[in-house]
Amino acid sequence: MSGGDSSAAALQAAVVEVEAHASESGWDQPARLFALVRTAELAAAEPELAVELGIHDNTAHLLTPVEQELDQHDEPLEQLLARITWPEAVEGALAVVERIVLPPEVEGQVPNDPGEASAFAAGHAQHEDVRIAAGVLRTGESHCVLRLRSHDDDDQLMHGRDLVPGLVLALRETLET
């Protein structure tokens, strides 16, 4: 496996792990943000933590998600991401958000006012709740996982590199120096 393939696989594993962890809390949860660090570097910097986490040679190539504290009352995650930059030790970033989506044929009916738009979407008969977990690495890899509330099974997850392009871009911008 090449370095890019290995990084992509490690990122995918981290995104799936974090989405599964978020899923354990159920729906209607606040946004969450994680720094992704190389597990081997974390183990070297924090040997006691490495023992506690069970890190060994077979897991050292993975990425470890480190959750960041967010003040949930101030602003949406997308606005917060515009002000975040990560130190070089952070290999990537990962976010989990829940959103309401509507079918494309309804887009023209959505009010322009954000508050009215939210109420419209939440009350629309065809709305769908979706949990999005998206991660990016400094090396360019990205991976997204989507879970629909109406198909809330692990075998129904949708995977892709760029399923939520706006969130992927916002996360990438946090890694730019």
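A few remarks follow.
- Karplus (6.51, -1.76, 1.60) ³J(HN,Hα), θ = phi - 60°, over segment 102-108, in Hz, Gly and Pro reported as x: 10, x, x, 5, 9, 3, x
- Label-to-label distance, nm, for residues given as residue 173 and residue 152 (7 Å Cα→Cβ offset): 3.3 nm
- For residue 143, net neighbour charge (Lys/Arg +1, Asp/Glu -1) across residues whose Cβ lies under 13 Å away: -3
- Added length on full extension, which subtracts the Cα-Cα distance from 0.36 nm per residue, residue 85 to residue 110: 5.7 nm
- Simple spin-label estimate for residue 27 and residue 161 in nanometres, 7 Å along Cα-Cβ: 3.2 nm
- Remark: relative contact order (segment 3-175) = 26 percent; criterion is Cα-Cα distance under 8 angstrom and separation of 6 or more residues.
- Residues in segment 127-138 carry Karplus couplings, in order, of 6, 9, 7, 9, 9, 10, 10, 10, x, 9, 10, 4 Hz; the curve used is 6.51 cos²θ - 1.76 cosθ + 1.60 with θ = phi - 60°, and Gly or Pro positions show x.
- Taken about its Cα centre, segment 3-175 carries a charge dipole of about 380 debye when Lys and Arg each add +1 at the Cβ and Asp and Glu each add -1 at the Cβ.
- Label point at residue 100 placed 7 Å out along Cα→Cβ; residues across segment 127-146 whose backbone nitrogen lies under 18 Å: 127-132
- Only one item in [x] 23, 21, 16; [y] 33, 17, 16; [z] 31, 17, 15 matches semi-axes √(5λ) of the Cα gyration tensor in Å derived from the coordinates shown, and that item is [z].
- Proxy reagent accessibility, fewest Cβ within 10 Å first, across 169, 137: 169, 137
Every number in this text was worked out from the coordinates using simple rules, so none of it is lab data. It should be emphasised that the depicted structure is a prediction, and the values quoted were computed from it without experimental measurement. Please note: Cβ atoms are built from the backbone with ideal geometry, for glycine as well, and neighbour counts cover all protein chains shown.
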